[in-house]
Every structure is written in C-alpha cells, then in structure tokens.
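S.K.: So that we are looking at the same thing, I have put the structure below in structure tokens.
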Amino acid sequence: MADINYLAVLVAIVVSAALGALWYSPLLFLRPWARAAGREPVQNPTVYAATFASAIAAALAFGWWAGPEPSIGEAILDGLVVGLFFVAGSLALHYAFAGRSLTLWLIDSGFQVARFVLFGVVFGLMG
C-alpha cells in the first residue's frame, strides 16, 4: 500500500462523487434510471455513506492496481478493463438473474465504466 498515490486517490474520490451526482441527476439518467428500476432514488444518509465508502475502496484498489506512476494510456486502459470487464461484467450476471432490464444495466454499468476510466485519467495525470 506504500506505492499508492494517495493524493490521486483523494482526487479520484472527488471525481467519482462529481460524476455520480451528474450521472444520476435529471440532466442525464435520473428519470430513465427511475423508470428502469421501477422506483424513485433513495435520498438518505445511509446511501450516501455507502457510496462514499465504495468510492474510497474503489479508488484505493485502483491506485494499487495502477501502481505509483502509470502512463496515461496504461491507466486509462486499466480503468476501461476494470470498469467494463470486472464491474460491468459482474453486474450483468446479477442483473440477469434478478430480472433487471438492459436499460438499468446500461445506466449503472455505464457509470462504473466512466468512473474507472476517469480514475485512469486521474492516476495517469498524477502519476
């Protein structure tokens, strides 16, 4: 854990929060997400705490994965691989078994892919 760029982790957490706020806002996917999920988004402190904890864990793990000084290209590719194949692929399995819609999977997986690609940008620029 000593080789992690902790400043990049902090920036990645902030970027993740900003992306999530935009992605799941009325400007982008709030309404389609709510329709696909069949519910309104939950607005309570527990959800935000879980989101923050997830961002910390994801940024730390990505920082470990990427190493202390990745090139921008390597880091973006790492973000794409992690977001698309690890996270979106895992969500696909769970969403299929839960009978969730393709639309919901695309919105939620799209966020994760975008988040990890942005992590790559952050770690690549700050490495």
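S.K.: Largest first, what is the accessible-area ranking of Arg35, Arg100, Arg115 with a 1.4 Å probe?
M.R.: On the way: Arg35 170, Arg100 125, Arg115 15 Å².
The ordering from most to least exposed comes out as Arg35, Arg100, Arg115.
S.K.: For the stretch 69-77, in order, what is each residue's ³J(HN,Hα) by Karplus, 6.51 cos²θ - 1.76 cosθ + 1.60 with θ = phi - 60°, in whole Hz (x at glycine and Pro)?
M.R.: After applying 6.51 cos²θ - 1.76 cosθ + 1.60, I find 9, x, 6, 4, x, 4, 5, 5, 4 Hz.
S.K.: Given the protein chains as shown and a 1.4 Å probe, how many square angstrom of Ser25 are accessible, to the nearest 10?
M.R.: 20 Å²
S.K.: In whole Å, what are the extents of the chain along the principal axes defined by its C-alpha atoms, from largest to smallest?
M.R.: Principal extents (largest minus smallest coordinate, Cα): 43, 28, 24 Å.
S.K.: Pop out the carbon and sulfur fraction of the accessible area of the stretch 1-123 as a percent, whole number, probe 1.4 Å.
M.R.: Here carbon and sulfur together make up 72 percent of the probe-accessible area.
S.K.: Give the accessible surface of the stretch 31-72 per residue, rounded to a whole number of Å², with probe radius 1.4 Å and ligands, DNA and RNA excluded. Numbers along the way, then the final one.
M.R.: On the way: 2800 Å² over 42 residues.
For the stretch 31-72, the solvent-accessible area averages 67 Å² per residue.
S.K.: Turning to a different aspect of this structure: Just the accessible area for Glu40, please: 1.4 Å probe, Å², rounded to the nearest 10?
M.R.: 140 Å²
S.K.: Give a residue-ordered list of calculated ³J(HN,Hα) values for the stretch 18-23 (Karplus: 6.51 cos²θ - 1.76 cosθ + 1.60, θ = phi - 60°; whole Hz; x for Gly, Pro).
M.R.: Running phi through 6.51 cos²θ - 1.76 cosθ + 1.60 with θ = phi - 60° gives 5, 4, x, 4, 6, 4 Hz.
S.K.: Follow-up question, since we're still on this one. Calculate how steeply helix 102-126 sits against the longest principal axis of the alpha-carbon atoms of the chain, using the helix alpha-carbon long axis, and give the answer as 0 to 90 degrees to the nearest 10.
M.R.: Approximately 20 degrees, to the nearest 10.
The values are calculated or read from the model by the stated rules, or taken from the named source; none is laboratory data. The structure displayed is predicted, hence computed values, not measured ones. These area figures cover heavy atoms from the full protein model, side chains too; ligands, DNA and RNA do not enter into them. Shrake-Rupley method; radii C 1.70, N 1.55, O 1.52, S 1.80 Å.
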